[in-house]
1. Between a first residue in the stretch 19-48 that is more than 17 Å from CYS141 (Cβ to Cβ) and a second residue that is in a helix (DSSP H, G or I), which pairs have beta carbons less than 7 Å apart while being 6 or more apart in sequence or on different chains?
2. Please verify whether the stretch 129-141 includes one or more residues that are assigned by TED's automatic domain parsing to the domain that holds PRO86, assigned to a loop (DSSP other than H, G, I, E, B) and in contact (Cβ under 8 Å) with a residue 60 or more places away in the chain.
3. Consider GLU112 against the criteria (1) farther than 26 Å from ILE170 by Cβ; (2) in a loop (DSSP other than H, G, I, E, B); (3) charged (D, E, K, R): it satisfies all of them except one. Which criterion is unmet?
4. Within the stretch 168-225, can you find the residues that are farther than 21 Å from SER111 by Cβ and charged (D, E, K, R)?
5. Please tell me if THR132 is among the polar types (S, T, N, Q) and either under 20 Å from ALA244 (Cβ atoms) or touching a strand residue (DSSP E or B) at 6+ places or on another chain (Cβ under 6 Å) (or both).
6. I want to confirm something. Restricting to the stretch 130-161 and keeping residues that are of a type in the set (Val, Ile, Thr) and touching a Leu at 6+ places or on another chain (Cβ under 8 Å), which single residue is surrounded by the most Cβ atoms within 10 Å (Cβ to Cβ)?
7. In this structure, does SER48 turn out to be out of contact with any helix residue (DSSP H, G or I) (no Cβ under 8 Å at 6 or more places or on another chain), farther than 19 Å from GLY150 by Cα and modelled with pLDDT of 95 or more?
8. Taking the condition of a type in the set (D, E, K, R), under 30 Å from ILE238 (Cβ atoms) and assigned by TED's automatic domain parsing to the domain that holds SER156, does ARG96 pass?
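The values are calculated or read from the model by the stated rules, or taken from the named source; none is laboratory data. Small disclaimer: the values here were computed from a predicted structure and weren't measured. Using ideal geometry, Cβ is built from the backbone for each residue, glycine included, and neighbour counts are taken over all protein chains shown.
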Amino acid sequence: MPDFRVYCLPSVTDPKEIELSGGESHHLVSVNRAKPGDTVVAFDGRGSEWICELAEAGKRGSRLRVRFAQKARPLPWRITLGQALPLGGAMDSIVRKATEIGVSVIVPLESERTQVHLDADRSDRKIEKWQTAALEAAKQCGNPWLPEIGPVTPASAFMESAAGYDLKLIASLQPGARSLKAVLAEHRAPANVLLLVGPEGDFTPAEMSRSRAAGFEPITLGPLVLRCETAAVYALSILSYELAG
């Protein structure tokens, strides 16, 4: 993979040249120190990539000359992560790691034990921040597909409305949860999977009851109690590995 990657949304389907925004130009030229003549991969987050040459380098605006275009194949599976909002900056880390793993959708959830509550203004700013974190991760790992980040949603309402999935999983610390391996063994090649991960302290018994009524399979992630950001990455890594096979 070439060293330089930039995000863009060309105004035409088959561009010959691409004008970068000020932010992308600054990152490419000032931060990454790209020079005219360098190879740059531009991507739109929807699977389209353009292999380009940096024709004009400016901190406030740069121009790329397109050599050729290519379309990346989507992953053979689709994972949606419903993540109860954790404390501090842990959600930023979860979004980055989920993007690296190839998650398609991330839905931030407010659960009964969530200690972070966002009004509409703060929620919009947080979503923008998470979108930026996802974009940075996509550039670093070469993922041409940006995950969709949904609005902050009450966990119970999301559970009850979740439909169209081949398999719905919820991480649980409560007795009766089965291993992820055992649950996957019973479901033949699910292509569209939903995973819910709770906040510090897990989902409440009432939320777990609602999830089971909505068709979720409670899964354990082992004998140790994991931090929520560790739990998300752990489960997503296993899922992507098993679904790829």
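1. LEU20/LEU28; ALA34/LEU28
2. Filtering the stretch 129-141 down to residues assigned by TED's automatic domain parsing to the domain that holds PRO86 leaves 129-141.
Going one step further and asking which of them are assigned to a loop (DSSP other than H, G, I, E, B), we end up with none.
No - not one qualifying residue is present in the stretch 129-141.
3. (1)
4. Selection gives ARG178, LYS181, GLU186, ARG188.
5. Details: among the polar types (S, T, N, Q): yes; either under 20 Å from ALA244 (Cβ atoms) or touching a strand residue (DSSP E or B) at 6+ places or on another chain (Cβ under 6 Å) (or both): no.
Against the criterion (among the polar types (S, T, N, Q) and either under 20 Å from ALA244 (Cβ atoms) or touching a strand residue (DSSP E or B) at 6+ places or on another chain (Cβ under 6 Å) (or both)), THR132 does not qualify.
6. The residue in question is VAL152.
7. Details: out of contact with any helix residue (DSSP H, G or I) (no Cβ under 8 Å at 6 or more places or on another chain): yes; farther than 19 Å from GLY150 by Cα: yes; modelled with pLDDT of 95 or more: yes.
For SER48, the condition - out of contact with any helix residue (DSSP H, G or I) (no Cβ under 8 Å at 6 or more places or on another chain), farther than 19 Å from GLY150 by Cα and modelled with pLDDT of 95 or more - is met.
8. Details: of a type in the set (D, E, K, R): yes; under 30 Å from ILE238 (Cβ atoms): yes; assigned by TED's automatic domain parsing to the domain that holds SER156: yes.
It is true that ARG96 is of a type in the set (D, E, K, R), under 30 Å from ILE238 (Cβ atoms) and assigned by TED's automatic domain parsing to the domain that holds SER156.
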